[in-house]
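Novice: One structure coming up, written as structure tokens, with questions to follow.
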Amino acid sequence: MSETKILFTDLDGTLLNSERQISYENRLAIKKALERNHKVVIATGRPLPSAVHLVEDLGLNYEGCYAITYNGGLIYDTFQKKAIFKTTLPLEYVNYIFDVAKENKIHCHTYSDDSVISEKLTNELEKYCNRIIVPYELVENIHTDLVNEPVKVIMIDFTEQNKLNKIKDELSDWCHGKINCSFSNPFFLEFGSLKATKGNAVNYLCNYLNIPIENSIAVGDEENDISMIQSAGIGIAMANATNGIKEYADYITEHNNNNHGISEVIKKFLL
């Protein structure tokens, strides 16, 4: 294929296996796609510092490489090491989300440029930071100590997902028209600006790189991937995608994230 195609791949549950590793088969397929002058872009809900680790591990940090982070809230030029797009949440929205989390006794945190910011050291905070390899910073009061508008806020509950579902339902009217709210997995309820979606990021990068949207392929497995699955020329759901995601896809992989599903996608649509 001589025409450049661009693959947008989610990380957790998609490119990464259950041990949060990238298989040899997926690595080899990505290498072959790049050798044919196609582009591969990580599109994740993770914060930038976490995504950068994996970008560098894959060698996706040469000229013309980009990463979509915070669910589309920040698009990063991995060669120039600078953001080309960023959208943030007003502090009044951040404060309100934290207040709702406190009322419901749910862990909540946000982000600075290089760390996770929380008011309390919780099991959820430690587990999250260990998982994505990003340090945390504790502040006494988000209302007074957070100065800069963050890209994203997240609530986490590893024990009672129904509590997060209930909060999402209760906040739906408040969120409408002002904020995005979606699950990145059953335990993570994430909040970002209306512009912070993976779908918007797919469109932005295709325009930025002058690649026709019909030449784009997007792969994911969770609710926060729906917008990019819908936006891309070919939208793909992993075999292990959560309920309701597959109905938005043009193609569903035969292999899940533990069996090199991204390699399957690359062989079928890019090579």
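The values are calculated or read from the model by the stated rules, or taken from the named source; none is laboratory data. Note that the coordinates shown come from a computational prediction; the quantities given were computed from them, not determined experimentally. All Cβ positions, even for glycine, are placed from backbone atoms using ideal geometry, and neighbour counts span all protein chains on display. Side chains included, ligands, DNA and RNA excluded: accessible areas come from the protein's heavy atoms. Shrake-Rupley method; radii C 1.70, N 1.55, O 1.52, S 1.80 Å.
Novice: With all protein chains present, how much of the accessible area of the chain (probe radius 1.4 Å) comes from carbon and sulfur, to the nearest whole percent?
Specialist: After summing per-atom areas, the C and S share lands at 45 percent.
Novice: Just add up the charged neighbours of S193: K/R +1, D/E -1, any other residue whose Cβ is under 11 Å from the Cβ of S193.
Specialist: With Lys, Arg at +1 and Asp, Glu at -1, the net is +3.
Novice: Which one, G199, I156, G233, is farthest towards the positive end of the dipole of the chain when Lys and Arg carry +1 and Asp and Glu -1 on their Cβ?
Specialist: The Cα lying farthest towards the positive end belongs to G233.
Novice: Return the percentage of antiparallel bridges among DSSP beta bridges fully within the chain, rounded to the nearest 5 %.
Specialist: 55
Novice: Starting from the Cα gyration tensor of segment 91-193, take the square roots of the eigenvalues, sort them a ≥ b ≥ c, and report rounded, prolate or oblate (rounded when a/c is under 1.5, otherwise prolate if a/b is larger than b/c, else oblate).
Specialist: oblate
Novice: Okay, moving on. Could the peptides 160-168, 223-231, 45-53 be put in order, highest first, of the mean number of other beta-carbon atoms found within 10 Å of their residues?
Specialist: 223-231, 45-53, 160-168
Novice: Right, next: For helix 24-35, report the angle its Cα long axis makes with the longest principal axis of the Cα atoms of the chain; keep it between 0 and 90° and round to the nearest 10°.
Specialist: 60
Novice: How would you classify segment 1-138 from its alpha-carbon gyration tensor, with a ≥ b ≥ c the square roots of the eigenvalues: rounded for a/c under 1.5, else prolate if a/b is greater than b/c, otherwise oblate?
Specialist: Prolate.
Novice: All other residues with a Cβ under 12 Å from the Cβ of Q21 taken together, and with Lys, Arg as +1 and Asp, Glu as -1, what is their net charge?
Specialist: -2
Novice: Here's a follow-up. Quick check: the angle from helix 161-175's long axis to the longest principal axis of the chain, C-alpha only, nearest 10 degrees?
Specialist: That helix lies at roughly 90 degrees to the long axis.
Novice: How big is the dipole moment of the chain about its Cα centre under a simple scheme where the beta carbon of each Lys and Arg is +1, that of each Asp and Glu is -1, and everything else is neutral? Debye, nearest 20, please.
Specialist: Here the size comes out at about 660 debye.
Novice: Over segment 1-111, what is the relative contact order in whole percent, taking alpha-carbon pairs under 8 Å and six or more residues apart?
Specialist: Over segment 1-111, the number comes to 18 percent.
Novice: Normalised by the number of residues in the chain, what is the relative contact order in percent for Cα pairs under 8 Å and 6+ residues apart?
Specialist: That works out to 21 percent.
Novice: Cross-link candidates for K81: which lysines have Cα within less than 25 Å, leaving aside residues fewer than 8 places away along the same chain?
Specialist: K5, K31, K32, K39, K152, K195, K198
Novice: By the gyration tensor of its Cα atoms, with a ≥ b ≥ c the square roots of the eigenvalues, what is the shape of segment 148-204: rounded for a/c under 1.5, prolate for a/b over b/c, or oblate?
Specialist: Prolate is the answer for segment 148-204, as a/c is 1.5 or above and a/b outweighs b/c.
Novice: Sticking with this one: Can you tell me the order of 26-39, 64-77 when each peptide is scored by its average per-residue count of other Cβ atoms within 10 angstrom, highest first?
Specialist: Peptide ranking by packing, descending: 64-77, 26-39.
Novice: Might you report the magnitude of the Cβ-based charge dipole of segment 111-161 about its Cα centre, with Lys and Arg at +1 and Asp and Glu at -1, to the nearest 20 debye?
Specialist: It comes to approximately 200 debye.
Novice: Which value, in debye to the nearest 20, describes the size of the charge dipole of segment 91-193 about its Cα centre when Lys and Arg Cβ atoms bear +1, Asp and Glu Cβ atoms bear -1, and nothing else is charged?
Specialist: Here segment 91-193 has a charge dipole of around 340 debye.
Novice: Cα centroids of segment 112-131 and segment 180-212: how far apart, whole angstrom?
Specialist: A separation of 22 Å, based on Cα centres.
Novice: Just to confirm, what accessible area per residue do you get for the chain at 1.4 Å probe, in whole Å²?
Specialist: 45
Novice: To test your reading of the geometry: what angle, between 0 and 90 degrees and rounded to tens, separates the Cα axis of helix 123-132 from the longest principal axis of the chain?
Specialist: 20
Novice: Using mean Cβ contacts within 10 Å as the protection proxy, how do 206-212, 4-10, 186-192 order, highest first?
Specialist: 4-10, 186-192, 206-212
Novice: Can you give the net charge of the other residues whose Cβ lies under 15 Å from the Cβ of Y136, counting K and R as +1 and D and E as -1?
Specialist: Charge balance in the 15 Å sphere: -3.
Novice: For a quick size check, give me the Cα extents of segment 206-271 along its three principal axes, largest first, whole Å.
Specialist: That gives 33, 26, 15 Å along the principal axes, largest extent first.
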